[in-house]
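*Asks:* One structure coming up, written as structure tokens, with questions to follow.
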Amino acid sequence: MRLISRRWLPAVLAWGSVAIVMIVPVAIASFSPYLSSRSLPYIVGGLAGVVGLSLLFLQPLLAAGYLAGSQGSVGRRWHRWMGVAIVVMVALHVGGLYLASPPDTIDAILLVSPTPFSVYGVIGMWGIAATAILVVLRRRLGLRHSVWLMVHNGLAAMVVVATVIHALQIEGTMELVSKWMLCMAAVATTGVVLFDLRVVRPFRVWRDRGQNRGAKRASSKPTSDGK
């Protein structure tokens, strides 16, 4: 039992830490006094935005397989499902805000709203929409895997940065400290994962291939006695 518990302790701690970073901001926002005077559509839309931000923190961790149980095809499958969940949260966020205040939402989408944070929210929304469309049409478009990764990663980075700026500029439902914690965690994980997947791992593959080629050439050289 001790061996099993020690073996699973890092995984439990990792998942537990991720859960805390994701759940605490949502829980605090759910009890925000700011919501007491708001309509149900606004509450649903606002909390959907907080949940979506939490999912943006988890998404790159699944893509890189950093968490126990998220390696290989399992991680990629969970990554896809998290993508679907993010799209749903964005739809609930925009839909709830529209039902609460149609003119303000339309102005934000048309980029004519006087509030600066709405611009970054719209950028994040269209980035997620573009990602979803590319996922659906990827095979029809015939994109090469390398091109797809470049576009997908670029959109992911844009979405995270725009969403974080959007969230930080809003003074409302989210509590300040937990909001900064979640936003910085989302930016950090996205940056680390992109650097790992697009720089570190390709470099390791290139290095290992070079070492293997060198070993093959060395083994194919004749020995000193000519044999």
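The values are calculated or read from the model by the stated rules, or taken from the named source; none is laboratory data. Remember, it's a predicted structure, so these values are computed and weren't measured experimentally. A quick note on method: Cβ atoms are made from the backbone with ideal geometry, for glycine too, and the neighbour counts reach across all protein chains shown.
*Asks:* From the set of residues in region 150-180 that are farther than 20 Å from Ile43 by Cα and out of contact with any Leu (no Cβ under 8 Å at 6 or more places or on another chain), which is surrounded by the fewest Cβ atoms within 10 Å (Cβ to Cβ)?
*Replies:* Val177
*Asks:* Another one. Out of region 65-78, which residues are part of a helix (DSSP H, G or I) and surrounded by 19 or more Cβ atoms within 10 Å (Cβ to Cβ)?
*Replies:* Trp78
*Asks:* Another question, if that's okay. In this structure, is Arg138 at pLDDT below 90 and in contact with a Phe, Trp or Tyr (Cβ under 7 Å, 6 or more places away or on another chain)?
*Replies:* yes
*Asks:* I've got another one for you. Kindly indicate whether any position in region 82-93 is closer than 24 Å to Leu13 by Cα and assigned to a helix (DSSP H, G or I).
*Replies:* So far as region 82-93 goes, yes, one or more of its residues are closer than 24 Å to Leu13 by Cα and assigned to a helix (DSSP H, G or I).
*Asks:* Which condition does Ser37 not pass, out of (1) modelled with pLDDT of 90 or more; (2) over 22 Å from the mean Cα position of the chain (by Cα), if it passes all the others?
*Replies:* (1)
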